[in-house]
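> Take a look at this one; I'll ask things after.
The values are calculated or read from the model by the stated rules, or taken from the named source; none is laboratory data. Computed from a prediction, not measured in an experiment: that's the story for all the values here. As a convention, Cβ positions derive from the backbone with ideal geometry for all residues, glycine included, and neighbour counts pool all protein chains shown. When the accessible area is computed, the model is the full protein with side chains, heavy atoms only, and any ligands, DNA or RNA have been set aside. Shrake-Rupley method; radii C 1.70, N 1.55, O 1.52, S 1.80 Å.
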Amino acid sequence: MLVRNGVPVNATQRKKLAQLSHQVTVAPEKPTRTIRVTLDAPKNLWVKSSDVNAEVGLSNEFHLEVGQGTSMFGEVQVRRGRLDVIGRRFDLDPSSTVRFAGLPTRAYVNITATHKNEREA
């Protein structure tokens, strides 16, 4: 099909294109499916890596929602643990928390850790 400025040059082709455009229907969008997972883990969740060893627990009704994006709701409560930063060991305070109310990357972090300098003690 030859076109000039987006319009078919041949009159017969223009008619066929017009007929096709009237026959095309747009399918309605399918509703997005959302999966919701509620976690019941008030203690005994361990976060371990080369620089963290901590026990945490989740608040009541802590849940994840996965749909078009991922959302988290609830609070992660530190029970106990240690953190190694730049060769120094820090003890995590049990009142430390991480709160989620939507996007996981937008968490409210309230963590307190103490370091005891044993060389100067």
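> Can you compute the modelled spin-label distance between Tyr108 and Ser95, with each label point 7 Å from Cα toward Cβ, in nm?
1.6 nm
> Provide the solvent-accessible area of Leu58, counting protein heavy atoms only and rolling a 1.4 Å probe, rounded to the nearest 10 Å².
Result for Leu58: roughly 20 Å² accessible.
> Which value, in debye to the nearest 20, describes the size of the charge dipole of the stretch 53-121 about its Cα centre when Lys and Arg Cβ atoms bear +1, Asp and Glu Cβ atoms bear -1, and nothing else is charged?
Details: 9 positive and 9 negative charges, 43 e Å.
Once rounded to the nearest 20, the dipole reads 200 debye.
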